Amino acid sequence: MNTVVRYFLYVLSAAILASLVGGLFAALVATISPEFVKGLFMPEEGASLTRYAAAVGAIWGIFIGTGVMGFCLGLVTLVQIARFFTKRKPDGEPPAV
């Protein structure tokens, strides 16, 4: 599989997993303290606070999960680039494979 596609699937799966964790955490917070969710998000009148918090938590989970995974992949890319430059021989010979 192409490396770019594999990394894209890593980011996608991490974002979906973070979305699920964020949604579950927000639903738990809404179950424990509905007043906190009312004051924080201001849902529509008559809406289920637990479902509303789960949806908002899922959205923030996607944002945070994608950001963290993108940072990790950027770090891996920088390490690979650094390895490429450190493996070069000073004589001008091609890098060892």
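Counting only whole DSSP H helices of the chain, the ones at least 18 Å long by C-alpha along their axis and with mean Kyte-Doolittle hydropathy no lower than 1.0 are 3-32, 49-86.
May I ask you to give the solvent-accessible area per residue for the chain, in square angstrom, as obtained with a 1.4 angstrom probe?
Numbers: 7440 Å² over 97 residues.
Here the residues of the chain average 77 Å² of exposed surface.
Of the solvent-accessible surface of the chain, computed with a 1.4 Å probe and all protein chains present, 72% belongs to carbon and sulfur. Based on Cα contacts under 8 Å between residues 6+ apart, the chain shows a relative contact order of 34 percent. If you stretched the chain out fully between Val79 and Phe25, how much longer would it get, using 0.36 nm times the residue separation minus the C-alpha to C-alpha distance? Result for the pair: 16.1 nm of gain on full extension. Thinking of the chain as a set of Cα atoms, what percent of all their pairs are more than 20 Å apart? For the chain, the fraction of Cα-Cα distances above 20 Å is 56 percent.
Sorted by packing (mean other beta-carbon atoms within 10 Å per residue), highest first, where do 5-14, 76-85 land? Display every interim value, and only then the final one.
Working: 5-14: 13.0, 76-85: 10.0.
Top of the packing list down: 5-14, 76-85.
The values are calculated or read from the model by the stated rules, or taken from the named source; none is laboratory data. None of these values were measured; they are calculated from a predicted model. Glycine also receives a Cβ, built like all others from the backbone with ideal geometry; neighbour counts cover every protein chain displayed. Side chains are part of the model used for accessible areas, which takes the heavy atoms of the whole protein and leaves out ligands, DNA and RNA. Shrake-Rupley method; radii C 1.70, N 1.55, O 1.52, S 1.80 Å.
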